[in-house]
Amino acid sequence: MTRIAFIGLGNMGGGMAANQAKAQRQILAYDLSKPALDKAQAAGCTAVGSIAEAVKDAEVVITMLPAGQHVRAVYADEILPNAPKTALLIDCSTIDVESARVVAAQAKAAGFRFADAPVSGGTAAADAGTLAFMVGCEEPDFAAVEDALKPMSRVTLRAGDHGAGQAAKICNNMVLGISMIGVCEAIALAEKLGLDPVKFHEIASQSSGQCWSLTSYCPWPGPVPAAPSNRGYEGGFATALMLKDLKLAQEAAAKSGAAAPLGASAEGLYALFDRMGGGGKDFSAILQMMRGRIDEL
Ligand code: NAD
(Lines give C-alpha, C1' and ligand atoms only; values in the text may rest on other atoms or scores of the structure.)
Protein backbone atom coordinates (compact mmCIF):
# COMPACT_ATOMS: atom_id res chain seq x y z
CA MET A 1 0.00 0.00 0.00
CA THR A 2 1.45 3.38 -1.01
CA ARG A 3 2.16 5.52 2.04
CA ILE A 4 1.39 9.20 1.43
CA ALA A 5 1.88 12.24 3.68
CA PHE A 6 -0.80 14.82 2.84
CA ILE A 7 -0.22 18.36 4.17
CA GLY A 8 -2.99 20.98 3.81
CA LEU A 9 -6.57 19.69 4.04
CA GLY A 10 -8.58 22.80 3.15
CA ASN A 11 -11.29 23.26 0.51
CA MET A 12 -9.16 21.43 -2.06
CA GLY A 13 -6.79 19.23 -0.04
CA GLY A 14 -9.64 17.71 2.02
CA GLY A 15 -11.34 16.15 -1.02
CA MET A 16 -8.04 15.22 -2.65
CA ALA A 17 -6.78 13.35 0.43
CA ALA A 18 -10.15 11.58 0.74
CA ASN A 19 -9.83 10.28 -2.84
CA GLN A 20 -6.34 8.95 -2.10
CA ALA A 21 -7.74 7.11 0.94
CA LYS A 22 -10.62 5.75 -1.18
CA ALA A 23 -8.01 4.28 -3.55
CA GLN A 24 -6.70 2.19 -0.62
CA ARG A 25 -3.59 4.29 -0.12
CA GLN A 26 -2.41 4.93 3.42
CA ILE A 27 -2.77 8.65 4.08
CA LEU A 28 -1.04 10.38 6.98
CA ALA A 29 -2.79 13.74 7.03
CA TYR A 30 -1.81 17.01 8.68
CA ASP A 31 -3.31 20.51 8.79
CA LEU A 32 -3.07 23.38 11.29
CA SER A 33 -6.88 23.33 11.50
CA LYS A 34 -8.49 20.79 13.84
CA PRO A 35 -11.86 20.68 11.95
CA ALA A 36 -9.96 19.96 8.69
CA LEU A 37 -8.05 17.14 10.42
CA ASP A 38 -11.26 15.66 11.86
CA LYS A 39 -12.88 15.72 8.42
CA ALA A 40 -9.88 13.94 6.88
CA GLN A 41 -9.98 11.30 9.60
CA ALA A 42 -13.69 10.70 8.92
CA ALA A 43 -12.83 10.28 5.21
CA GLY A 44 -10.41 7.42 5.90
CA CYS A 45 -7.12 9.27 6.44
CA THR A 46 -4.98 8.95 9.58
CA ALA A 47 -4.73 12.36 11.25
CA VAL A 48 -1.31 13.01 12.81
CA GLY A 49 0.01 15.72 15.12
CA SER A 50 2.86 17.20 13.04
CA ILE A 51 4.35 17.38 9.56
CA ALA A 52 7.46 15.55 10.82
CA GLU A 53 5.26 12.63 11.91
CA ALA A 54 3.37 12.59 8.60
CA VAL A 55 6.47 12.51 6.37
CA LYS A 56 8.74 10.27 8.50
CA ASP A 57 8.27 7.06 6.46
CA ALA A 58 6.43 8.49 3.44
CA GLU A 59 6.86 7.23 -0.12
CA VAL A 60 5.08 10.31 -1.46
CA VAL A 61 4.57 13.75 0.14
CA ILE A 62 1.76 15.95 -1.22
CA THR A 63 1.28 19.58 -0.15
CA MET A 64 -1.84 21.68 -0.83
CA LEU A 65 -1.17 25.00 0.92
CA PRO A 66 -2.37 28.59 0.37
CA ALA A 67 0.67 30.45 -1.08
CA GLY A 68 4.42 30.56 -1.78
CA GLN A 69 5.47 31.58 1.72
CA HIS A 70 3.66 28.60 3.28
CA VAL A 71 5.22 26.17 0.80
CA ARG A 72 8.74 27.57 1.24
CA ALA A 73 8.49 27.40 5.05
CA VAL A 74 6.93 23.93 5.23
CA TYR A 75 9.52 22.45 2.85
CA ALA A 76 12.59 24.12 4.43
CA ASP A 77 11.60 23.66 8.07
CA GLU A 78 9.64 20.41 8.11
CA ILE A 79 9.62 18.26 4.98
CA LEU A 80 13.24 18.30 3.78
CA PRO A 81 14.76 17.67 7.25
CA ASN A 82 12.33 14.83 8.11
CA ALA A 83 11.28 12.89 4.97
CA PRO A 84 13.28 9.90 3.69
CA LYS A 85 15.34 10.80 0.58
CA THR A 86 13.45 8.17 -1.41
CA ALA A 87 10.19 10.11 -1.03
CA LEU A 88 8.68 11.75 -4.11
CA LEU A 89 7.73 15.34 -3.19
CA ILE A 90 4.77 16.94 -5.00
CA ASP A 91 3.47 20.45 -4.35
CA CYS A 92 -0.06 20.93 -5.71
CA SER A 93 -0.55 24.49 -4.32
CA THR A 94 -0.74 27.46 -6.71
CA ILE A 95 2.37 29.54 -6.02
CA ASP A 96 4.76 31.89 -7.84
CA VAL A 97 7.14 30.33 -10.34
CA GLU A 98 10.20 31.60 -8.44
CA SER A 99 9.16 29.93 -5.15
CA ALA A 100 8.50 26.67 -7.02
CA ARG A 101 11.99 26.79 -8.54
CA VAL A 102 13.63 27.66 -5.19
CA VAL A 103 11.88 24.77 -3.42
CA ALA A 104 12.72 22.41 -6.31
CA ALA A 105 16.41 23.39 -6.12
CA GLN A 106 16.49 22.90 -2.35
CA ALA A 107 14.78 19.51 -2.67
CA LYS A 108 17.14 18.40 -5.44
CA ALA A 109 20.22 19.55 -3.51
CA ALA A 110 18.99 17.48 -0.55
CA GLY A 111 18.65 14.39 -2.81
CA PHE A 112 14.87 14.36 -3.42
CA ARG A 113 12.72 14.13 -6.56
CA PHE A 114 10.32 17.11 -6.70
CA ALA A 115 7.40 18.22 -8.87
CA ASP A 116 5.26 21.35 -8.91
CA ALA A 117 1.79 20.08 -9.85
CA PRO A 118 -0.91 22.76 -9.47
CA VAL A 119 -4.47 21.85 -10.33
CA SER A 120 -7.46 23.10 -12.26
CA GLY A 121 -11.08 22.14 -11.67
CA GLY A 122 -12.19 23.64 -8.34
CA THR A 123 -13.59 21.95 -5.26
CA ALA A 124 -16.19 19.89 -7.16
CA ALA A 125 -13.38 18.25 -9.17
CA ALA A 126 -11.26 17.86 -6.01
CA ASP A 127 -14.16 15.98 -4.37
CA ALA A 128 -14.88 13.92 -7.50
CA GLY A 129 -11.24 13.00 -8.22
CA THR A 130 -11.38 14.70 -11.64
CA LEU A 131 -8.78 17.47 -11.36
CA ALA A 132 -6.46 18.49 -14.20
CA PHE A 133 -2.81 18.55 -13.03
CA MET A 134 -0.11 20.59 -14.79
CA VAL A 135 3.30 19.33 -13.83
CA GLY A 136 6.80 20.79 -13.76
CA CYS A 137 9.37 18.07 -13.13
CA GLU A 138 12.36 16.29 -14.60
CA GLU A 139 11.21 14.07 -17.46
CA PRO A 140 12.24 10.71 -15.89
CA ASP A 141 10.20 11.49 -12.76
CA PHE A 142 6.92 12.15 -14.60
CA ALA A 143 5.59 8.56 -14.67
CA ALA A 144 5.90 8.28 -10.87
CA VAL A 145 4.23 11.69 -10.41
CA GLU A 146 1.35 10.69 -12.70
CA ASP A 147 0.86 7.45 -10.78
CA ALA A 148 0.89 9.25 -7.41
CA LEU A 149 -1.75 11.73 -8.59
CA LYS A 150 -4.01 9.17 -10.32
CA PRO A 151 -6.84 8.83 -7.71
CA MET A 152 -7.29 12.64 -7.77
CA SER A 153 -7.02 13.27 -11.49
CA ARG A 154 -8.92 13.33 -14.77
CA VAL A 155 -5.79 14.30 -16.68
CA THR A 156 -2.12 14.92 -15.79
CA LEU A 157 0.04 16.84 -18.26
CA ARG A 158 3.77 17.58 -18.03
CA ALA A 159 4.29 21.28 -18.81
CA GLY A 160 8.10 21.13 -18.68
CA ASP A 161 10.85 21.35 -16.05
CA HIS A 162 10.56 22.70 -12.50
CA GLY A 163 8.30 25.79 -12.37
CA ALA A 164 6.58 25.08 -15.69
CA GLY A 165 3.49 23.67 -13.96
CA GLN A 166 3.08 26.94 -12.03
CA ALA A 167 3.62 28.99 -15.20
CA ALA A 168 0.79 27.05 -16.89
CA LYS A 169 -1.45 27.48 -13.85
CA ILE A 170 -0.92 31.24 -13.54
CA CYS A 171 -1.72 31.74 -17.24
CA ASN A 172 -4.79 29.47 -16.97
CA ASN A 173 -6.14 31.34 -13.94
CA MET A 174 -5.66 34.69 -15.64
CA VAL A 175 -8.04 33.39 -18.34
CA LEU A 176 -10.42 32.20 -15.59
CA GLY A 177 -10.46 35.53 -13.70
CA ILE A 178 -11.05 37.50 -16.89
CA SER A 179 -13.75 35.12 -18.17
CA MET A 180 -15.63 35.07 -14.85
CA ILE A 181 -15.81 38.87 -14.85
CA GLY A 182 -17.01 38.79 -18.47
CA VAL A 183 -19.77 36.31 -17.60
CA CYS A 184 -20.81 38.39 -14.56
CA GLU A 185 -20.96 41.62 -16.59
CA ALA A 186 -23.11 39.88 -19.19
CA ILE A 187 -25.50 38.42 -16.60
CA ALA A 188 -25.85 41.82 -14.90
CA LEU A 189 -26.61 43.40 -18.29
CA ALA A 190 -29.09 40.64 -19.23
CA GLU A 191 -30.94 41.25 -15.97
CA LYS A 192 -31.11 45.03 -16.59
CA LEU A 193 -32.49 44.32 -20.07
CA GLY A 194 -35.29 42.22 -18.57
CA LEU A 195 -33.84 38.92 -19.80
CA ASP A 196 -34.07 36.03 -17.31
CA PRO A 197 -30.45 35.16 -16.36
CA VAL A 198 -31.34 31.44 -16.39
CA LYS A 199 -32.62 31.77 -19.98
CA PHE A 200 -29.47 33.76 -20.87
CA HIS A 201 -27.38 30.92 -19.41
CA GLU A 202 -29.24 28.37 -21.53
CA ILE A 203 -28.74 30.40 -24.72
CA ALA A 204 -25.11 31.52 -24.20
CA SER A 205 -24.12 27.98 -23.15
CA GLN A 206 -25.05 26.88 -26.66
CA SER A 207 -23.67 29.96 -28.41
CA SER A 208 -20.26 31.57 -28.80
CA GLY A 209 -20.38 32.99 -25.23
CA GLN A 210 -19.90 29.45 -23.92
CA CYS A 211 -17.00 29.07 -21.47
CA TRP A 212 -16.17 27.17 -18.26
CA SER A 213 -17.15 30.09 -15.99
CA LEU A 214 -20.64 30.05 -17.52
CA THR A 215 -21.37 26.37 -18.12
CA SER A 216 -19.50 24.63 -15.28
CA TYR A 217 -19.41 27.33 -12.60
CA CYS A 218 -22.35 29.63 -13.29
CA PRO A 219 -22.28 32.64 -10.89
CA TRP A 220 -26.10 32.92 -11.03
CA PRO A 221 -27.76 30.28 -8.78
CA GLY A 222 -29.78 27.52 -10.43
CA PRO A 223 -28.38 26.36 -13.79
CA VAL A 224 -25.29 24.55 -12.39
CA PRO A 225 -26.32 22.84 -9.12
CA ALA A 226 -22.71 22.09 -7.98
CA ALA A 227 -21.60 25.73 -8.36
CA PRO A 228 -20.94 27.80 -5.17
CA SER A 229 -23.62 30.33 -6.28
CA ASN A 230 -26.18 27.79 -4.97
CA ARG A 231 -24.75 27.83 -1.44
CA GLY A 232 -24.30 31.54 -0.76
CA TYR A 233 -20.88 31.52 -2.48
CA GLU A 234 -19.39 29.57 0.43
CA GLY A 235 -16.55 27.06 -0.15
CA GLY A 236 -15.25 26.95 -3.71
CA PHE A 237 -12.29 29.12 -4.77
CA ALA A 238 -11.96 32.13 -2.49
CA THR A 239 -11.76 35.61 -4.02
CA ALA A 240 -8.58 36.21 -1.97
CA LEU A 241 -6.94 33.22 -3.72
CA MET A 242 -8.06 34.39 -7.17
CA LEU A 243 -6.63 37.83 -6.35
CA LYS A 244 -3.37 36.13 -5.33
CA ASP A 245 -3.21 34.32 -8.69
CA LEU A 246 -3.96 37.48 -10.69
CA LYS A 247 -1.21 39.31 -8.78
CA LEU A 248 1.18 36.45 -9.59
CA ALA A 249 0.26 36.78 -13.27
CA GLN A 250 0.88 40.56 -13.23
CA GLU A 251 4.23 40.15 -11.46
CA ALA A 252 5.21 37.50 -14.00
CA ALA A 253 4.06 39.74 -16.87
CA ALA A 254 6.08 42.69 -15.52
CA LYS A 255 9.22 40.56 -15.05
CA SER A 256 8.98 38.90 -18.46
CA GLY A 257 7.88 41.98 -20.42
CA ALA A 258 4.52 40.48 -21.48
CA ALA A 259 1.48 42.74 -21.93
CA ALA A 260 -1.57 41.59 -19.97
CA PRO A 261 -3.96 44.58 -19.71
CA LEU A 262 -7.17 42.56 -19.23
CA GLY A 263 -5.41 40.57 -16.49
CA ALA A 264 -4.55 43.92 -14.83
CA SER A 265 -8.20 45.03 -15.01
CA ALA A 266 -9.35 41.72 -13.53
CA GLU A 267 -6.83 42.12 -10.69
CA GLY A 268 -8.15 45.64 -10.02
CA LEU A 269 -11.79 44.50 -9.94
CA TYR A 270 -11.04 41.55 -7.63
CA ALA A 271 -8.99 43.86 -5.36
CA LEU A 272 -12.02 46.18 -5.15
CA PHE A 273 -14.37 43.27 -4.39
CA ASP A 274 -11.94 42.00 -1.75
CA ARG A 275 -11.91 45.45 -0.11
CA MET A 276 -15.73 45.49 -0.13
CA GLY A 277 -15.68 42.35 2.02
CA GLY A 278 -15.82 39.63 -0.64
CA GLY A 279 -12.39 38.10 0.07
CA GLY A 280 -13.72 35.00 1.83
CA LYS A 281 -16.49 34.34 -0.70
CA ASP A 282 -16.11 32.23 -3.83
CA PHE A 283 -14.69 34.31 -6.72
CA SER A 284 -17.96 33.99 -8.69
CA ALA A 285 -19.63 36.19 -6.02
CA ILE A 286 -18.14 39.21 -7.86
CA LEU A 287 -21.45 38.98 -9.75
CA GLN A 288 -23.09 40.78 -6.80
CA MET A 289 -20.67 43.70 -7.15
CA MET A 290 -21.43 43.90 -10.88
CA ARG A 291 -25.18 43.91 -10.08
CA GLY A 292 -24.69 46.65 -7.46
CA ARG A 293 -26.04 44.21 -4.85
CA ILE A 294 -23.03 43.78 -2.57
CA ASP A 295 -25.45 44.08 0.39
CA GLU A 296 -26.99 40.71 -0.62
CA LEU A 297 -23.78 38.82 0.11
P1 NAD B 1 -7.70 26.59 1.90
O2 NAD B 1 -7.33 27.88 2.55
O3 NAD B 1 -9.10 26.09 1.99
O4 NAD B 1 -6.73 25.40 2.43
C5 NAD B 1 -5.40 25.58 2.78
C6 NAD B 1 -5.14 24.72 4.02
O7 NAD B 1 -3.75 24.79 4.35
C8 NAD B 1 -5.90 25.22 5.26
O9 NAD B 1 -6.71 24.17 5.77
C10 NAD B 1 -4.80 25.64 6.23
O11 NAD B 1 -5.11 25.37 7.59
C12 NAD B 1 -3.65 24.76 5.75
N13 NAD B 1 -2.33 25.24 6.16
C14 NAD B 1 -1.81 26.49 6.04
N15 NAD B 1 -0.55 26.52 6.51
C16 NAD B 1 -0.27 25.26 6.94
C17 NAD B 1 0.86 24.65 7.54
N18 NAD B 1 1.96 25.35 7.82
N19 NAD B 1 0.79 23.34 7.86
C20 NAD B 1 -0.33 22.62 7.60
N21 NAD B 1 -1.43 23.14 7.04
C22 NAD B 1 -1.41 24.44 6.72
O23 NAD B 1 -7.26 26.75 0.36
P24 NAD B 1 -7.72 25.84 -0.88
O25 NAD B 1 -8.90 26.48 -1.50
O26 NAD B 1 -7.75 24.41 -0.46
O27 NAD B 1 -6.47 26.11 -1.85
C28 NAD B 1 -5.21 25.49 -1.65
C29 NAD B 1 -4.33 25.81 -2.85
O30 NAD B 1 -4.96 25.33 -4.05
C31 NAD B 1 -4.10 27.33 -3.07
O32 NAD B 1 -2.79 27.54 -3.51
C33 NAD B 1 -5.11 27.67 -4.16
O34 NAD B 1 -4.71 28.81 -4.92
C35 NAD B 1 -5.11 26.39 -4.97
N36 NAD B 1 -6.34 26.12 -5.74
C37 NAD B 1 -7.58 26.28 -5.17
C38 NAD B 1 -8.72 25.99 -5.93
C39 NAD B 1 -10.11 26.14 -5.34
O40 NAD B 1 -11.10 26.05 -6.11
N41 NAD B 1 -10.25 26.33 -4.01
C42 NAD B 1 -8.61 25.54 -7.24
C43 NAD B 1 -7.34 25.35 -7.78
C44 NAD B 1 -6.22 25.64 -7.02
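The values are calculated or read from the model by the stated rules, or taken from the named source; none is laboratory data. In this text the structure is predicted, and so the values were computed from the model without any measurement. Neighbour counts run over all protein chains shown; Cβ positions are idealised from the backbone, glycine included. Side chains included, ligands, DNA and RNA excluded: accessible areas come from the protein's heavy atoms. Shrake-Rupley method; radii C 1.70, N 1.55, O 1.52, S 1.80 Å.
In the chain, once you exclude exposed trypsin sites (Lys or Arg not before Pro) (DSSP loop, at most 14 other Cβ within 10 angstrom), what's the longest stretch remaining? Numbers along the way, then the final one.
Working: sites that count: Lys85, Arg293.
Result, exposed sites excluded: 86-292.
Suppose the chain between Arg275 and Lys56 were pulled fully straight at 0.36 nm per residue; how much longer would it get relative to their current alpha carbon spacing? Each step should come with its number before you reach the end.
Details: separation 219, 0.36 × 219 = 78.84 nm, distance 4.17 nm.
Length gained between Arg275 and Lys56: 74.7 nm.
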> What value, in deg cm²/dmol to 500, does the helix sum -39500 (n - 2.57) over DSSP H runs of n ≥ 4 give at 222 nm once divided by the residues of the chain?
Replying inline: -14000 deg cm²/dmol
> Which whole number of Å³ per residue matches the convex hull of the alpha-carbon atoms in region 205-275?
Replying inline: 106
> Looking at the chain, do any whole DSSP H helices span at least 30 angstrom along their long axis by alpha carbon and average -1.0 or above on Kyte-Doolittle, and which?
Replying inline: 164-192
> Which value, to two decimals, describes the C-alpha radius of gyration of region 1-99 once divided by 2.2 N^0.38 Å?
Replying inline: 0.97
> Which value, in Å², gives the accessible area per residue of region 97-204 when a 1.4 Å probe is used on the protein heavy atoms?
Replying inline: 42
> Over the C-alpha atoms of the chain, what are the Rg and the largest Cα-to-Cα span, Dmax, in Å?
Replying inline: 19.5, 63
>> Just want to confirm a number: the relative contact order over the chain, from Cα pairs under 8 angstrom separated by 6+ residues, in percent.
In response: 13
> What are the semi-axes of the equivalent ellipsoid for region 147-215, taken as the square roots of 5 times the Cα gyration tensor eigenvalues, largest first, in whole Å?
Replying inline: 34, 14, 8
> Within the chain, what percent of beta bridges assigned by DSSP are antiparallel, to the nearest 5?
Replying inline: 15
> Lys pairs in the chain, Cα-Cα under 23 Å, at least 8 apart or on separate chains: how many?
Replying inline: 24
